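Take a look at the structure below.
The values are calculated or read from the model by the stated rules, or taken from the named source; none is laboratory data. The shown structure was predicted, so the numbers you read here are calculated from the model rather than taken from an experiment. Heads up, the Cβs are rebuilt from the backbone with ideal geometry, glycines too, and the neighbour counts pull from every protein chain shown.
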Amino acid sequence: DAGVTQSPTHLIKTRGQHVTLRCSPISGHKSVSWYQQVLGQGPQFIFQYYEKEERGRGNFPDRFSARQFPNYSSELNVNALLLGDSALYLCASSLGGQGQFFGPGTRLTVL
Amino acid sequence: GIQVEQSPPDLILQEGANSTLRCNFSDSVNNLQWFHQNPWGQLINLFYIPSGTKQNGRLSATTVATERYSLLYISSSQTTDSGVYFCAVGPGGGNKLTFGTGTQLKVEL
């Protein structure tokens with residue numbers, strides 16, 4: 001079975017722009033979570049979605065938003081990009097009771 | 001929120017050596033996972049171990065939930081074991097994970 005997939009792999013944007021990152025969970029997984037990992041730190045929780053409903057939100061500004069689609073795939077949107085948004089963005093899916101499984105990530109660079 | 005501390009922060013081993021990585025957490029949890037992050041950023045699942053002991057080849061892990069710590073054992077280390085090892089904890093299987101600061105492991109020939 002395919003693992004969690006994310007697109008794009010890499011992305012370069014300039015300050016003030018908007019970005020959309022995409023994630024497809026493992027088949028059968030209904031929960032998707034997003035994490036931000038800046039260089040030298042562990043991943044930080046941004047959002048969790050389950051059955052298209054937001055179930056958790058981390059300490060991120062309103063410029064960050066997300067949604068989950070009927071096929072359980074998800075998008076993370078970031079508006080008004082700042083230099084500090086440069087990071088690896090990780091998506092994880094879970095079925096419950098077996099932990100979370102992570103995709104390869106999208107590396108975002110904001111210039 | 002819950003605090004997660006990992007030790008040591010950095011570790012250098014000769015190939016073939018054994019090591020123990022530690023994860024302490026500040027509150028009771030229902031989910032504890034160990035990950036290996038490779039140089040390309042991929043988080044590879046090692047163990048889902050909210051309690052008890054598990055083994056997978058040269059790796060094993062033990063979580064003592066009542067004492068709020070977990071240990072990851074690496075035996076007969078290989079250069080491919082190099083990378084960052086993260087412990088992450090959470091309230092349940094599909095909910096928010098809080099990650100530790102990681103242990104940077106380098107295995108040398």
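Being within 12 Å of another protein chain (Cβ to nearest Cβ) and out of contact with any Ser or Thr (no Cβ under 9 Å at 6 or more places or on another chain): is that true of A:GLY42 here? Considered against the rule, which asks whether it is within 12 Å of another protein chain (Cβ to nearest Cβ) and out of contact with any Ser or Thr (no Cβ under 9 Å at 6 or more places or on another chain), A:GLY42 comes out as no. Considering only residues in region A:56-83 that are aliphatic (A, V, I, L, M) and either part of a loop (DSSP other than H, G, I, E, B) or touching a helix residue (DSSP H, G or I) at 6+ places or on another chain (Cβ under 8 Å) (or both), the one that is farthest from the other protein chains (Cβ to nearest Cβ) turns out to be A:ALA80. For region B:7-40, a residue qualifies if it is surrounded by 20 or more Cβ atoms within 10 Å (Cβ to Cβ) and touching a Leu at 6+ places or on another chain (Cβ under 9 Å), and the qualifying residues are B:LEU21, B:CYS23, B:PHE25, B:ASN31, B:GLN33, B:TRP34, B:PHE35, B:HIS36, B:GLN37. Selection of region B:16-48 for residues being facing chain A (nearest Cβ under 9 Å) and aliphatic (A, V, I, L, M) yields B:LEU32, B:LEU43, B:ILE44.
Inspect region B:27-37 for any residue being of a type in the set (Gly, Ala, Ser) and in a strand (DSSP E or B) and give the result as yes or no. Within region B:27-37, none of the residues are of a type in the set (Gly, Ala, Ser) and in a strand (DSSP E or B).
For A:ALA66, the requirement of being modelled with pLDDT of 95 or more and more than 14 Å from the chain's Cα centre (by Cα) is not met.
Filtered by the rule that a residue be facing another protein chain (nearest Cβ under 9 Å) and of a type in the set (Ser, Thr, Tyr), region A:45-55 gives a lone residue, A:TYR50. The listed residues are A:PRO61, A:PRO43, A:PRO25, and the only one of them that is surrounded by fewer than 16 Cβ atoms within 10 Å (Cβ to Cβ), closer than 26 Å to B:GLY102 by Cα and not hydroxyl-bearing (Ser, Thr, Tyr) turns out to be A:PRO61. Apart from one condition, A:LEU88 fits all of (1) outside any loop (DSSP other than H, G, I, E, B); (2) over 23 Å from B:VAL84 (Cβ atoms); the exception is (2).
Residues in region A:68-85 that are surrounded by fewer than 17 Cβ atoms within 10 Å (Cβ to Cβ) and farther than 11 Å from A:TRP34 by Cβ: A:PHE69, A:PRO70, A:ASN71, A:SER73, A:ASN79, A:ALA80, A:LEU82, A:LEU83, A:GLY84.
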